[in-house]
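The values are calculated or read from the model by the stated rules, or taken from the named source; none is laboratory data. Keep in mind that this is a model prediction, so the values were computed, not measured. Cβ coordinates were reconstructed from backbone atoms using ideal geometry, including for glycine residues, and neighbour counts include every protein chain displayed. Remember, those area values only see protein heavy atoms, side chains included, never the ligands or the DNA or RNA. Shrake-Rupley method; radii C 1.70, N 1.55, O 1.52, S 1.80 Å.
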Amino acid sequence: MSELLNEIVGLIDKLGKLNPIYGSNEQIAVDHLKRLKDALENTNDLRTLEPAFAGLEQFQLSSVAWCSQLSKDIEKIIIIYQELL
């Protein structure tokens, strides 16, 4: 679970350094990731986070260019989560 948390924190930091503008995909991703980070820090049952990860995946599929680095970074986090289940 610590690997998942580290990946989420790392992507939050990476995107934060870009100073994303309000409403951008980067800023929306940070919002999703911060919610996941907070939830991960407060639970021992990863299954309770399924709706939040489903929301992140839906955002990735519907709003983020599939070949972008952001899409790859989000996909990595989703894969790590799925492997932990």
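Could you pull the Rg and Dmax for the chain, using just the Cα atoms, both in Å?
12.0, 34
I need the phi-derived Karplus couplings for region 25-39: 6.51 cos²θ - 1.76 cosθ + 1.60, θ = phi - 60°, integer Hz, Gly and Pro marked x.
Per residue, the Karplus-derived 3J(HN,Hα) values read 4, 5, 5, 5, 4, 4, 4, 4, 5, 5, 4, 5, 4, 4, 5 Hz.
Roughly how many Å² is the accessible area per residue of the chain, as a whole number, for a 1.4 Å probe?
Values: 5250 Å² over 85 residues.
It amounts to 62 Å² per residue over the chain.
Please give the charge dipole size of the chain, origin at the Cα centre, charges +1 on K and R Cβ atoms and -1 on D and E Cβ atoms. Round to the nearest 20 debye.
I would put it at about 220 debye.
Return one number: the angle in degrees, 0 to 90 and rounded to the nearest 10, between the long axis of the Cα atoms of helix 50-63 and the longest principal axis of the Cα atoms of the chain.
On a 0 to 90 degree scale, this one is about 20.
Across the chain, where is the longest run that never hits chymotrypsin sites (Phe, Trp or Tyr not before Pro) in a DSSP loop with at most 15 other C-beta atoms within 10 Å? Show your work: numbers first, answer last.
Numbers: sites that count: TYR22, TRP66.
The longest uninterrupted stretch comes out as 23-65.
Percent relative contact order of the chain, based on C-alpha pairs within less than 8 angstrom and at least six residues apart? Before the final figure, lay out the partial values.
On the way: 57 pairs, mean separation 27.2, N = 85.
Taking the mean separation of contacting Cα pairs over the length of the chain, I get 32 percent.
Can you classify region 40-85 as rounded, prolate or oblate using the Cα gyration tensor, where a ≥ b ≥ c are the square roots of its eigenvalues, rounded means a/c under 1.5, and otherwise it's prolate if a/b beats b/c and oblate if not? Present the calculation step by step, with values, prior to reporting the outcome.
Working: a/c = 2.74, a/b = 1.99, b/c = 1.38.
It is prolate, given that a/c is not under 1.5 and a/b is the larger ratio.
Among ASP73, ASP31, ASP45, which one moves the most in a GNM of the chain with springs linking Cα atoms closer than 10 Å?
ASP45
At a 1.4 Å probe, what is the % contribution of carbon and sulfur to the accessible area of the chain? Working shown, then result.
Numbers: 2700 of 5250 Å².
With neighbouring chains kept in place, the figure for the chain is 51 percent.
What nm distance separates the two modelled labels at ASN42 and GLU83, each placed 7 Å from Cα along Cα→Cβ?
2.8 nm
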